[in-house]
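Following: one structure in structure tokens, then a few remarks.
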Amino acid sequence: MRSWPRSIRFLTVAALAAAACTAVPAAGAPYRDPAPPFAPTLFATAAVSPIPGFLLQTSAQVSNDAAVTQPGYPTTGWLPVSARSTVFAGLLQNNKYPDPFFSTNMKNVDKSQFTVPWWYRSDVEIADTAQRTYLDFSGVLSRTDVWVNGTKVADKTQTAGAYTRHDLDITAQVHTGSNAITFKVYPNDPNNDLTMGWIDWAQTPPDQNMGIVRDVLVRRSGAVALRGAHVVTKLPSVTHADLTAKVDVRNDSSAAVTTTVAGSVAGVPVSQSVSLAAKEKKTVTFPTIGLDNPNVWWPAGMGGQPLYALDLTATAAGTPSDAAHADFGVREVKAPLNSSGGRAYSINGRPLLVRGGGWSPDLFLRWNATYAADKLKYVKDLGLNTVRLEGHIEPDEFFDLADRLGILTMPGWECCDKWEGQVNGGENGNTWKAEDYVTAKASMTAEAERLRNHPSVLTFLIGSDFAPNATIEKNYLDALNAADWQTPVIPAASANSSPQLGSSGMKMNGPYDWIPPNYWYDKAHGDSGGAWGFNSETSAGPDIPTIDTLQRMLTPAELDVLWQNPSATQYHRSSSSTFGNLKLFGNALSGRYGAPTGLTDYVKKAQLAQYENVRAEFESHNRNFTDSSNPSTGLIYWMLNSGWTSLHWQLFDTYLDQNGAYYGAKKANEPLHIQYSYDSNSVAVVNQSHGTASGLTASVKLYNLDGTEKFSQAVNVSVPGDGGKTTALTIPSVSGLSTTYLAKLVLTNSSGTEVSRNVYWLSTKADTLDWNNTDWYYTPTTSYADLKGLSSLAQVPVSSVVSSSVSGSDTVTTVTLKNTTTSKIPALFVDAHIIGAGGKPVLPVQWNDNAVSLWPGESVVLRATYRTADLQGVTPSVRVSGWNTVPDTGGPGPGPTVYEAEDATITAGVVESNHAGFTGRGFVNYDNAVGSAVEWTVTAATAGPADVVLRYANGTTTSRPMNIALNGTVVSSGLTFPGTGSWDTWQTRTIRVNLIAGSNKIKATATSTDGGPNVDRLTVG
């Protein structure tokens, strides 16, 4: 934990977040950092200040190390980069490459430039030298030489490892005025260095993340320095806690000194004097403080997240020398093995089902505090309580956020590279040398000391796919014990054991690629990933983003390949050949839902498939948590998110858009939840809250796709708390069901108010798994459930009433949806998106519910909360879409409906994307000819007037008129489209038309030899 005054710490974090980061991506990659200021920063008597930024240059351009490290060295041509920046992130910050998150742009980066060291340089102003000065840093990938004013104060052999902590006394090297602090950072190689790598999560960054990814701190203090302030907490019961504060006190002078360390622990004063010889360090342990009725820290959903403070000051000869501050929480975590051998966590004496996801940082390790907070808030919104960090252990602010939000964290070392090179049985990662044992232990010491105060840290995994051997384990445990580590230490995320810790109590059986929803309920196969034991990483693989995100990340040609050829290599899935395509997912999608007819149809079917699968994954584990035999004790969805624009392993995408996977997880993890069991046809109610839920009624109705009700039953239930369940009923065999049918489950309270609703699309033909041919990453499916009938579900109108209000810095938009059909057909999977500037979704956003299904006459109120600033000054609109819905224009609608030109029928024109400012995947460039045209098909639920808005660009000074026809009749002849100033400048032309109910054709035809303008889209509303 950093020992710094709280006011300095929080001001620094806030200033850096505001100055160096944007909250949500407007375009391209999710980070567009402005160049930081590079006037020399003043460091006078402040206890600690981070260096705010660096100048970056390749060593290929530097011939003299000693010269470049001197004050006043000319830095013309060096690139300004943020305080935490890999080399490639710095190049992106300076616009040296196009968006690497789009298409295959990253393939074109020359990797050879990253085979040599790169220099990071900053000039630091020291107002006086009466105090001592230190450089305190970790997070260099993977090693560095450190120079101060031309003197090398540490070399690459002393600084190896991404996690090792270095506290360098540079008092002798600094002087009054400007001081040059420089880092010569060497290339990163995860197979040869104890650092960070990307395994098979994504494509590997071209620089392999070489650089500085945590703050470099400049500390100032007197001769006595305080380090490692922390509190050991014991909680024998929730009514009493014992607090023991400790701090390392160090005399860095050449003379003996007596110091008094005084302050407070949770508001209780403490003081102790200590005598130190020259260069001596001692650990001061204060008397234990008993705290009755403490404010106990709980994970989100179980209680509050109060924090206490530890504040200490060392005084020598009546003068303050150094100060330390740490926040801490009071909680107790236990994790014994249950009778089935599973790891069973509890917190503060209550059982805990770990429900989480695998965390991914940004692919280029760019830190953005707002973006990280948004992702952690999504964790809460999803009903999850945990994130697992396999390597890529985030900076201090991440754990501060987790503490405040109540999100548990599972940090640990990563697989598949040097971290497990000594024990990995021949997988990636070189075997260890003598110095690696030293680096690994130092890494463990640094991370243990940094994380021990955070109540959000649930556990630490010292192995991932493999457990450490006896020597490595002893080194890790010695380091953890020396750091007063208090939470459970686990030898591996897989079903492996280590000599001292024994069995991990976890499993890593997959799957990692597509399997059907009924897979998750299996408990008969000991090598499977079904809902039993602690599942440390697992999912059904692909998680296709929304069409908005797909259009931001892939070219039109790549989008065609996506839906047409599932066997094709997908650059945006994984660097691993095992996960290089979408064949398993694509085959299942076609086999279960029917072959996609286009991109839109593909994405719609993918969202349904992801929703049902992710929902089943979480529901099965939630249901089995309280089983008497072989219960589920934990589930880490693989993964929570991706560090870039990805096609797999994500509950939400890098732009924070929410797809079917997101809403499937959110539905499954409701605090009080009714659910269907694929294995037994039973209906259960699960209660995640602490108290018993009584007076409930669970009802089940089955429907054919023509809306005919085939089964109905309701029963009264009471459900115990803390994850308890009650089986309400088992659905019997029902005759006359259509091959594809719908199940509507509703839970109401004693007042008749609906508290949980869950709609399933099911088949009389079940998915069949080939368990005997299970591979490590999936189990084959020999026959698919038949859900093709959904494509014949009749379209129904859905009305929407929209209102928005501002609350502080947020806007809340309320959308009331209603199925207004006069038939018996439900509206399936109705989704709402808030639309802001440029027709783009407003993100991040949190909905109380979404992806809902409504039977005739039913309505639902959806509420979206988002930052007003993210509207970028425009009035919000709402886009409503569904599996089988059309807007009901008979009343206030969901806002304009957008029809992209590239999705229309084109005559004598081409789709292009070489001019900025378009929406969707591109725009239509009309041929320079009379008769070139674009024709859209638009749908209206009822006849009536509507505004038709054409968005266009005309980079000439001559108007390009067009005839606008509706259903074959010209309704606007020779409508002018004047010049817009450039091809990157877009304007609109609006006409009023009378639509007929149902399908309408709107055609824009050029009437001059110049052809039409570039047309981006048509909006009807």
Exercise for the section: Would you confirm whether any residue within the range 71-89 is under 30 Å from the mean Cα position of the chain (by Cα), open to solvent by 20 Å² or more (accessible area, probe 1.4 Å) and closer than 30 Å to Y571 by Cβ? Expected result: yes
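Results for (1) part of a strand (DSSP E or B); (2) surrounded by fewer than 23 Cβ atoms within 10 Å (Cβ to Cβ); (3) outside the structural domain of T645 (by the TED database), shown as yes or no for each residue.
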{"residue": "D123", "(1), (2), (3)": "yes, yes, yes"}
{"residue": "T129", "(1), (2), (3)": "no, yes, yes"}
{"residue": "K152", "(1), (2), (3)": "yes, yes, yes"}
{"residue": "T157", "(1), (2), (3)": "no, yes, yes"}
{"residue": "T164", "(1), (2), (3)": "no, no, yes"}
{"residue": "S178", "(1), (2), (3)": "yes, yes, yes"}
{"residue": "P187", "(1), (2), (3)": "no, yes, yes"}
{"residue": "L194", "(1), (2), (3)": "no, no, yes"}
{"residue": "W201", "(1), (2), (3)": "no, no, yes"}
Practice task
Determine whether the range 769-787 contains at least one residue that is open to solvent by less than 40 Å² (accessible area, probe 1.4 Å), in a strand (DSSP E or B), aliphatic (A, V, I, L, M) and touching a Lys or Arg at 6+ places or on another chain (Cβ under 6 Å).
Solution key: no
Handout entry: Residue match in the range 610-623 (condition: farther than 26 Å from S783 by Cβ and buried (at least 24 other Cβ atoms within 10 Å of the Cβ))
Key = yes
Exercise for the section: Please find, among S443, S464, S456, S497, the residue that is in contact (Cβ under 8 Å) with a residue 24 or more places away in the chain and in contact with a Cys (Cβ under 7 Å, 6 or more places away or on another chain). Expected result: S464
Problem - Options L92, L56; residue that is in a helix (DSSP H, G or I) and crowded, with 22+ Cβ neighbours inside 10 Å - result: L92
Handout entry: Only listed residue being farther than 30 Å from Y602 by Cα and among the acidic types (D, E), chosen from D484, D513, D548, D543
Key = D484
Exercise for the section: Considering only the range 815-832, state which residues are open to solvent by 20 Å² or more (accessible area, probe 1.4 Å) and part of a strand (DSSP E or B). Expected result: T816, K818, F829, D831
Completion exercise
Contact list, first residue from the range 602-626 and basic (K, R), second anywhere and part of a helix (DSSP H, G or I) and open to solvent by 10 Å² or more (accessible area, probe 1.4 Å), beta-carbon distance below 6 Å, six or more apart or interchain, is R615/K667
Exercise for the section: Would you mind stating whether K334 is surrounded by fewer than 21 Cβ atoms within 10 Å (Cβ to Cβ) and closer than 23 Å to E617 by Cβ? Expected result: no
Exercise for the section: Of the conditions (1) within 30 Å of V1015 (Cα to Cα); (2) touching a strand residue (DSSP E or B) at 6+ places or on another chain (Cβ under 7 Å), T811 clears all except one; give me its number. Expected result: (1)
Practice task
Take the range 455-475 and flag every residue that is of a type in the set (S, T, Y) and open to solvent by 10 Å² or more (accessible area, probe 1.4 Å).
Solution key: T471
Exercise for the section: Could you tell me whether K667 is part of a strand (DSSP E or B) and within 24 Å of L608 (Cβ to Cβ)? Expected result: no
Problem - Candidate set: the range 994-1003, residues that are surrounded by fewer than 19 Cβ atoms within 10 Å (Cβ to Cβ) and among the hydrophobic types (A, V, I, L, M, F, W, C); chosen: the one modelled with the highest pLDDT - result: I996
Practice task
Quickly run through the range 232-253 and pick out the residues that are under 22 Å from V48 (Cα atoms) and open to solvent by 10 Å² or more (accessible area, probe 1.4 Å).
Solution key: K246, D248, R250, D252, S253
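The values are calculated or read from the model by the stated rules, or taken from the named source; none is laboratory data. Because the structure is a prediction, the values reported are computed rather than measured. FYI the Cβ positions are ideal-geometry reconstructions off the backbone, even for glycines, and counts take in every protein chain you see. The accessibility values were calculated without ligands, DNA or RNA, using every heavy atom of the protein model including side chains. Shrake-Rupley method; radii C 1.70, N 1.55, O 1.52, S 1.80 Å.
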